[in-house]
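The values are calculated or read from the model by the stated rules, or taken from the named source; none is laboratory data. If you're wondering where the values come from, they're calculated on a predicted model, not measured in any experiment. Every residue, glycine as well, gets a Cβ built from its backbone with ideal geometry; the counts of neighbours run over all protein chains shown.
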Amino acid sequence: MTGRQTNWAGNVTYGAARLHRPDSVERLREVVAGSGSLRALGTRHSFNHIADCPGGDLVSLENLPASMELDTVHRTVMVGAGVRYGELARWLHGRGYALHNLGSLPHISVAGACATATHGSGDSNGNLATAVAGIELVTADGEITVLTRERDGDRFRGAVVALGALGIVTRITLDVVPAFDVRQDVYENLPWERLEDHFEDVFSAAYSVSLFTDWRSSQINQVWLKRRTDGPDPWEAEPEWLGATLATTDLHPLPGLPAVNCTRQTGVPGPWHERLPHFRLDFMPSSGEELQSEYLLPRQHAIGALRALDRMRDSVASVLQVSEIRTVAADDLWMSPCHRQETVAIHFTWTKDWPAVRRVLGMVEEGLEPFGARPHWGKLSVMRPERLGSLYERLPDFRRLLGAHDPEGRFRNAFVNDLVFAGDRPS
């Protein structure tokens, strides 16, 4: 492999021997057929080794056809796996359609986000993978396999969040909805005690709600409310809400940073794809000088988990840039962290100091263990493989699914084997 290949943050250097950039599905099939072990690369926004393939092959999706085909009858769009959400969103909006939700960053690829159950926020909004209605992928024998929600039922639900271990995804079919507008309002300094007393009120206040805190005070720094404008009742932001104060200028989640790369706030309505993400597609939110972790846990344990983190706030704050709290709806995808549970997601953007962050992560995971916290598949964790495996009731079924589609384990790597198989020999 020519040159030093890293992830976006630069904290992972890939150990693969070769990097392929096929420009067609036929070329991809040839690469798969001629490789011993291989993994797919999307936009490299994972912070761990989920995409690495030491000594084997990496396959970038960036040059595959960026196709987008809208089916207005079934309300779906079929999209090339390497297409970024921001690009797809603009294309869809121009034709009067939308996705149900978007993540914080519009820069991530459709395939990578769905494979790791990446999410946005909203009590009624499932993660991005819940919109998947069909998957086309190249399997270990170099052939093309198509799985659909309608035809393949439970097996399909196991294949959507597959961590890249079933094959190289080439196209994904997503559900779409009619386009809609969103207004975004931000409140500052929500007292912690008001959040504890009004947790349900806070997160039901808008279509998508995000809380940002630095764990340095007794207040939530910012509450971002993304409200659809097509509701039956008009809504105007009050100057004060639950003890928080309405911001009158656009803000960045990190206090003191300019908001130029953030989506428009202060209640100005705009298209869904220009409000649901926190950051604009035309700007990168940072230079990559950060590390990230996230834990998803049953919603009923939210207050207990937040109190546990508050007890270690000094340690967390010492290596933290910002923390975000969101909600995600339950789903039926086998390896989704939201499988069969209404979920609260607690995200951490850390300073780029892995030894220090690792020490704090051990404390965080010990504090969150009683609440059944599941780490985000694409972010940093120090959780024991056997502990992680115990959190997924369909994990035995997922192992069998991998065995059926890839009996030689060509699409697996140390990450998959250590965490999914938890020390067992892959079958």
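Of the residues making up the range 24-34, not a single one is in a loop (DSSP other than H, G, I, E, B), surrounded by 17 or more Cβ atoms within 10 Å (Cβ to Cβ) and in contact (Cβ under 8 Å) with a residue 12 or more places away in the chain. Residues satisfying the criterion are present in the range 351-363 (criterion: touching a helix residue (DSSP H, G or I) at 6+ places or on another chain (Cβ under 8 Å), modelled with pLDDT of 95 or more and closer than 22 Å to Ile303 by Cα). Is it true that Gly158 is in contact (Cβ under 8 Å) with a residue 12 or more places away in the chain, closer than 21 Å to Trp377 by Cα and not in a helix (DSSP H, G or I)? So Gly158 fails the test. Residues in the range 394-406 that are in contact with a Pro (Cβ under 9 Å, 6 or more places away or on another chain) and surrounded by fewer than 16 Cβ atoms within 10 Å (Cβ to Cβ): Gly403 only.
Scanning the range 223-252 for residues that are β-branched (Val, Ile, Thr) and more than 20 Å from Ile325 (Cα to Cα), which turns out farthest from the chain's Cα centre (by Cα)? Taking the candidates together, the pick is Thr248.
Would you confirm whether or not the range 13-27 contains a residue that is within 18 Å of Gly378 (Cα to Cα) and in contact with a strand residue (DSSP E or B) (Cβ under 9 Å, 6 or more places away or on another chain)? Yes: the range 13-27 contains one or more residues that are within 18 Å of Gly378 (Cα to Cα) and in contact with a strand residue (DSSP E or B) (Cβ under 9 Å, 6 or more places away or on another chain). Among residues of the range 227-256 that are on the phi < 0 side of the Ramachandran plot, those with a beta-carbon under 6 Å from a residue that is modelled with pLDDT of 95 or more and among the hydroxyl-bearing types (Ser, Thr, Tyr) at least six positions away or on a different chain give the pairs Arg227/Tyr207; Arg228/Tyr207; Trp241/Tyr187; Ala244/Tyr187; Leu246/Tyr187.
No other residue among Trp192, Trp215 is modelled with pLDDT of 95 or more, aromatic (Phe, Trp, Tyr) and surrounded by fewer than 18 Cβ atoms within 10 Å (Cβ to Cβ) apart from Trp192. Consider the range 185-211 and keep the residues that are assigned to a strand (DSSP E or B) and under 21 Å from the mean Cα position of the chain (by Cα). The one that is nearest to Met78 (Cα to Cα) is Ser208.
With respect to (1) among the basic types (Lys, Arg); (2) modelled with pLDDT of 95 or more; (3) surrounded by 19 or more Cβ atoms within 10 Å (Cβ to Cβ), the lone exception for Arg21 is condition (3). The condition of being crowded, with 23+ Cβ neighbours inside 10 Å, among the hydrophobic types (A, V, I, L, M, F, W, C), in contact (Cβ under 8 Å) with a residue 40 or more places away in the chain and within 26 Å of Ser218 (Cβ to Cβ) holds for only one of Leu333, Leu296, Leu320, that being Leu296. How many residues does the range 124-182 contain that are within 20 Å of Ser336 (Cβ to Cβ), touching a strand residue (DSSP E or B) at 6+ places or on another chain (Cβ under 8 Å) and either surrounded by fewer than 23 Cβ atoms within 10 Å (Cβ to Cβ) or not small (Gly, Ala, Ser) (or both)? Going through the range 124-182 one residue at a time, the tally reaches 23. Of the strands (runs of 3 or more DSSP E) lying entirely inside the range 51-91, the ones with 1 or more residues being of a type in the set (Asp, Glu) and more than 27 Å from Val12 (Cα to Cα) are found at 68-71. Residue count for the range 352-371, restricted to those that are loosely packed, with under 15 Cβ neighbours inside 10 Å and among the β-branched types (Val, Ile, Thr): 0. Leu137 meets the stated requirement of being without any contact (Cβ under 8 Å) to a residue 60 or more places away in the chain and outside any loop (DSSP other than H, G, I, E, B). Mind listing just one residue for me: the one in the range 212-222 that is under 30 Å from His273 (Cβ atoms) and hydrophobic (A, V, I, L, M, F, W, C) and, of those, farthest from the chain's Cα centre (by Cα)? So the residue we want is Ile220. Does at least one position in the range 338-348 carry a residue that is in a loop (DSSP other than H, G, I, E, B), among the hydroxyl-bearing types (Ser, Thr, Tyr), under 28 Å from Ala111 (Cα atoms) and in the same structural domain as Asp310 (by TED's automatic domain parsing)? No, the conditions are met nowhere in the range 338-348. Considering the range 308-328 alone, what residues qualify as being part of a strand (DSSP E or B) and of a type outside the set (Gly, Ala, Ser)? Listed by number, the residues that qualify are Leu320, Gln321, Val322, Glu324, Ile325, Arg326, Thr327, Val328. Out of curiosity, is Thr245 among the hydroxyl-bearing types (Ser, Thr, Tyr), within 22 Å of Glu188 (Cα to Cα) and part of a loop (DSSP other than H, G, I, E, B)? Against the criterion (among the hydroxyl-bearing types (Ser, Thr, Tyr), within 22 Å of Glu188 (Cα to Cα) and part of a loop (DSSP other than H, G, I, E, B)), Thr245 does not qualify.
Take Ala9 and decide whether it is part of a loop (DSSP other than H, G, I, E, B) and at negative phi. Considered against the rule, which asks whether it is part of a loop (DSSP other than H, G, I, E, B) and at negative phi, Ala9 comes out as yes.
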